[in-house]
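The values are calculated or read from the model by the stated rules, or taken from the named source; none is laboratory data. Predicted model, so just to flag it, every value in this text is computed and none were measured. Using ideal geometry, Cβ is built from the backbone for each residue, glycine included, and neighbour counts are taken over all protein chains shown. Note: accessible area is taken over every heavy atom of the protein model, side chains too, but ligands, DNA and RNA are not part of it. Shrake-Rupley method; radii C 1.70, N 1.55, O 1.52, S 1.80 Å.
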Amino acid sequence: ASAAASPAAAAAARAGLRALRPLGACSGPRRGAAAASAAFYSHLEREVAAMHEAGTYKVERVITSPQASEVTVQASQEPVLNFCANNYLGLSNHPALVEAAQKAIASHGFGLSSVRFICGTQDLHKKLEEAISRFHGTEDTILFPSCFDANAGLFEACLGPEDAVISDALNHASIIDGIRLCKAQRYRYGHMDMAHLEDILKECAGKGTRHRMIVTDGVFSMDGDIAPLKEICDLAERYDAQVFVDECHATGFLGKTGRGTPQLCGVEGRVDVINSTLGKALGGATGGYTTGPRVLIDLLRNKARPYLFSNTLAPSVAGASIEVFRMLSESSDLVEKLQSNVRQFRTAMASAGFKLSGHENCPIVPVMLGDARLASEFADEMLSRGIYVIGFSYPVVPKGAARIRVQLSAAHDAEQVQRCIDAFVDVGRAKGVIG
């Protein structure tokens with residue numbers, strides 16, 4: 001090192017030494033700081049108490065078994081049927097995936113201890129990205145630690161102040177947070193309101209925005225709605241816009257062969273950017289991705305902050321995920337089984353008098369109850385009857401729109417689905433929800 005340092009470097013060094021002094025070396029009483037901390041924690045305690053009072057406090061039930069259609073939980077003596085997991089294809093504990101994960105650990109180790117661009121890219125990661133691209137029919141794919149990270153990294157990297165991002169009002173929190181990070185002009189259209197979307201597109205085109213990106217969930221996870229992608233793609237072509245779709249609650253199981261909402265809506269090849277997850281239908285572990293044009297993926301590898309500053313996906317997850325895409329490319333049996341369960345459940349619940357939300361093909365079936373406390377108590381009663389479901393209320397859903405969100409899986413058999421229906425009817429009558 002140089003014996004002499006610049007005045008600026010010397011000043012920085014002195015500042016660093018001051019910052020390293022222990023707290024005890026600081027002059028002056030800390031009584032004011034202690035009082036401020038006490039006031040802060042008292043505020044937090046009041047916030048938590050208010051959630052308890054309103055019935056919106058979330059309690060985590062502890063599962064003591066692998067994720068499956070039937071699980072054991074600490075709150076129950078007997079196994080319970082699980083109808084609240086994102087395990088749409090029943091792959092979370094599939095023997096073929098467990099074996100593939102074990103083989104990947106044996107051959108490629110437990111972790112990489114690195115981000116991708118330093119020394120965190122293995123052949124497994126490249127093979128998985130290629131498999132995802134083939135599955136979606138896209139040019140290239142980039143992996144992220146989660147789809148939340150994929151959504152956090154996309155918009156900031158590719159949109160600037162001259163651009164416009166136009167988002168559905170009920171898009172997932174990760175999309176909202178990702179949009180907040182970018183400098184584009186932000187617009188929000190009413191939930192699946194195509195007339196409102198067109199008005200905004202006209203306004204943006206009239207203002208001379210450089211690029212316009214329409215942003216939507218493919219499936220809205222709290223409502224079971226499916227975005228009208230054909231209409232969205234038509235508007236995008238009319239107003240020279242790009243289409244982004246978050247497919248977390250669609251990839252692997254919606255559409256004839258599980259290619260998601262673009263396949264279901266007949267717009268494959270017309271969606272510009274797809275973000276999705278490996279953590280739901282595709283085995284339920286962790287990991288997300290962006291798939292689309294190669295030039296976009298190249299940009300994200302160099303500019304997406306969650307990619308650049310987060311550890312790479314574990315080899316076990318990459319290896320098991322490659323197996324998932326191989327399975328889905330060879331057979332659609334699980335997709336067909338899931339749709340059979342969806343038809344059975346939705347038909348019987350509607351006939352019993354329950355108010356259901358969502359698209360008829362969607363395995364997310366919100367049973368609308370309205371009151372937050374009723375939803376929480378209803379879920380507890382269901383658990384006592386051997387059915388594991390969760391009540392959702394504000395702030396996860398709007399006030400007055402509390403619900404039980406049921407999620408069907410290909411792992412459920414017809415008898416298990418019927419047991420769930422029977423329990424709903426029993427509790428619904430006891431609570432006065434149905435006659």
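The residue that is farthest from Met222 (Cα to Cα), among those in the range 374-413 that are in a helix (DSSP H, G or I) and open to solvent by 10 Å² or more (accessible area, probe 1.4 Å), is Ser384. I'd like to know if the range 159-173 contains one or more residues that are part of a helix (DSSP H, G or I), open to solvent by less than 70 Å² (accessible area, probe 1.4 Å), modelled with pLDDT of 95 or more and on the phi < 0 side of the Ramachandran plot. No, the range 159-173 contains no residue that is part of a helix (DSSP H, G or I), open to solvent by less than 70 Å² (accessible area, probe 1.4 Å), modelled with pLDDT of 95 or more and on the phi < 0 side of the Ramachandran plot. Restricting the range 236-262 to residues that are closer than 19 Å to Asn171 by Cβ and in a loop (DSSP other than H, G, I, E, B), the residue that is nearest to the chain's Cα centre (by Cα) is Cys248. Of all the residues in the range 190-235, those that are under 23 Å from Ser174 (Cβ atoms), in contact with a Leu (Cβ under 9 Å, 6 or more places away or on another chain) and buried (at least 22 other Cβ atoms within 10 Å of the Cβ) number 14.
If you check Ala285, Ala318, Ala304 for being among the aliphatic types (A, V, I, L, M), under 18 Å from Ser146 (Cβ atoms), open to solvent by 30 Å² or more (accessible area, probe 1.4 Å) and under 20 Å from the mean Cα position of the chain (by Cα), only one passes: Ala285.
One residue alone among Val62, Val71 is at pLDDT 80 or above, surrounded by fewer than 10 Cβ atoms within 10 Å (Cβ to Cβ) and in contact with a strand residue (DSSP E or B) (Cβ under 9 Å, 6 or more places away or on another chain), and that residue is Val62.
Looking across the range 238-272, the residues that are in contact with a His (Cβ under 9 Å, 6 or more places away or on another chain), among the charged types (D, E, K, R) and open to solvent by 20 Å² or more (accessible area, probe 1.4 Å) come down to Asp240, Arg259, Glu268.
Exactly one residue out of Glu237, Glu330, Glu247, Glu323 is touching a residue at least 60 places away in the same chain (Cβ under 8 Å) and of a type in the set (Asp, Glu): that is Glu323.
The set of residues from the range 347-358 being touching a Leu at 6+ places or on another chain (Cβ under 9 Å) and open to solvent by 30 Å² or more (accessible area, probe 1.4 Å) comprises Ala350, Lys355. Residue check: Glu336 meets all listed conditions (1) in a helix (DSSP H, G or I); (2) crowded, with 23+ Cβ neighbours inside 10 Å but one, namely (2).
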